[in-house]
Amino acid sequence: MNENFVTLTAEFEERLSVFFQTKKGYYPEKLYQAMEYSLFGGGKRIRPLIMRLSAEFLDVSWSKVVELGIALELIHTYSLIHDDLPSMDNDDLRRGKPTCHKVFGEAMAILAGDALLNLAYETALKAVSLDNKLFSSALLIAESAGACGMIGGQAEDITLCGADEGSMLSMYAKKTAALIKAAALTPCYLHKNEPVYADMETFGEKLGLLFQLTDDLLDMDNHSYPACFGVEKTEQLKNRLSAEIFGVLTKYGEKAQKLAKLVQNVAYRQK
Ligand code: GRG
């Protein structure tokens with residue numbers, strides 16, 4: 001990854017760690033450990049990085065939205081814990097390590113996911129109470145994580161069988177792209193220039209799809225887009241999405257350089 005992105009990600013890691021340590025002693029110890037295990041289990045922190053670069057692009061101070069970046073990462077972590085459960089994907093490993101329920105048991109893993117989700121909304125609401133200009137951004141995160149977004153996409157995923165291409169891409173748009181789009185759009189509401197919203201919306205949605213298709217190619221499973229429609233068609237779709245994103249970014253010239261670098265990182269990542 002680009003050196004600057006590594007530094008920004010390390011900074012976020014430190015910020016999240018300090019934030020989470022303030023909860024120690026207030027939660028039942030086992031629950032805290034289960035939440036901590038997944039929250040600091042080696043995640044790439046791509047959503048907070050997207051939010052930070054989007055803020056920089058829009059001249060919005062990162063310190064104004066960092067709590068919403070934390071909230072988004074807490075939601076993402078809960079979704080992974082629940083996705084791995086026996087009633088969902090029944091995975092034993094996540095990021096090369098035993099899944100939360102394998103280490104702490106199924107009941108504690110469900111509670112750790114629930115607690116992370118609640119902590120996300122506590123964190124977002126506290127941020128809104130200090131700066132009500134964050135209200136629309138916090139609402140967007142809640143909607144993107146809910147039944148019209150990530151949870152809805154997951155529900156479609158578990159009921160989808162023999163899907164056509166359109167239904168599969170629409171499920172990806174909800175399950176994966178909704179949170180990534182929310183990361184890109186969060187700083188927009190603090191920015192005066194409204195025409196840029198539509199471009200950031202296109203950027204976020206297409207980046208989210210690109211992220212999922214790249215993930216599919218790295219980890220071929222039976223129900224993914226490349227498994228259903230072939231690797232070549234997946235590569236073609238990735239190229240089309242990248243071109244469409246660059247089409248949007250080009251008009252901003254130098255200013256969009258970091259966002260363009262991020263797109264390349266997402267499209268050509270190795271894990
Ligand atoms: C169970 C409520 C619920 C939702 C599940 C997001 C999701 C919906 C499930 C996670 C499993 C999955 C494969 C989702 C697709 C999105 C994706 C590739 C997630 C992994 O995100 P990364 O790569 O994870 O950012 P890290 O490990 O870096 O944090």
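Would you work out which of Met150, Leu185, Ser167 lies farthest towards the positive end of the dipole of segment 122-194, given +1 charges on the beta-carbon of Lys and Arg and -1 on that of Asp and Glu, about the Cα centre? Value computed over the given set: Leu185. When the Cα positions of Leu237, Leu217, Asn4 are compared along the charge dipole of the chain, Asn4 comes out farthest toward the positive end, with charges on each C-beta of Lys, Arg, Asp and Glu.
Each residue of segment 185-197 is assigned a 3J(HN,Hα), and the resulting list reads 8, 3, x, 4, 5, 9, 10, 6, 7, 4, x, 6, 4 Hz, derived from the Karplus form 6.51 cos²θ - 1.76 cosθ + 1.60 (θ = phi - 60°), x at Gly and Pro. The value of relative contact order for segment 3-268, using C-alpha pairs under 8 Å at least six residues apart, is 17 percent.
If you stretched the chain out fully between Asn193 and Lys97, how much longer would it get, using 0.36 nm times the residue separation minus the C-alpha to C-alpha distance?
Between Asn193 and Lys97, full extension yields 30.1 nm more.
Could you sort 260-269, 201-210 so that the peptide with the highest average Cβ count within 10 Å comes first and the rest follow in order? Working shown, then result.
Values: 260-269: 16.7, 201-210: 22.9.
So the order, starting with the most tightly packed, is 201-210, 260-269.
For segment 1-141, the convex hull drawn through the C-alpha positions has a volume of 112 cubic angstrom per residue.
In square nanometres and to one decimal, what's the mean projected area of the convex hull around the Cα atoms of segment 174-271?
Working: hull surface 25.5 nm².
For the Cα atoms of segment 174-271, the hull's average projected area reads 6.4 nm².
Give, in nm to one decimal, the length gained when the segment between Leu218 and Phe40 is fully stretched (0.36 nm per residue of separation minus the Cα-Cα distance). Spell out each step's value before the answer.
Working: separation 178, 0.36 × 178 = 64.08 nm, distance 2.23 nm.
My answer for the length gained is 61.9 nm.
Normalised by residue number, the volume inside the convex hull of the Cα atoms of segment 3-268 is 122 Å³ per residue. Computed about its Cα centre, the charge dipole of the chain is approximately 700 debye, with only Lys, Arg, Asp and Glu carrying charge at their Cβ. Take the Cα radius of gyration of segment 112-160 and divide it by 2.2 N^0.38 Å, N being the number of residues; the result is 1.34.
The numbers here are math on the coordinates, done by the rules we state, and not lab data. It should be emphasised that the depicted structure is a prediction, and the values quoted were computed from it without experimental measurement. Every residue, glycine among them, receives a Cβ derived from its backbone with ideal geometry; neighbour counts consider all protein chains shown.
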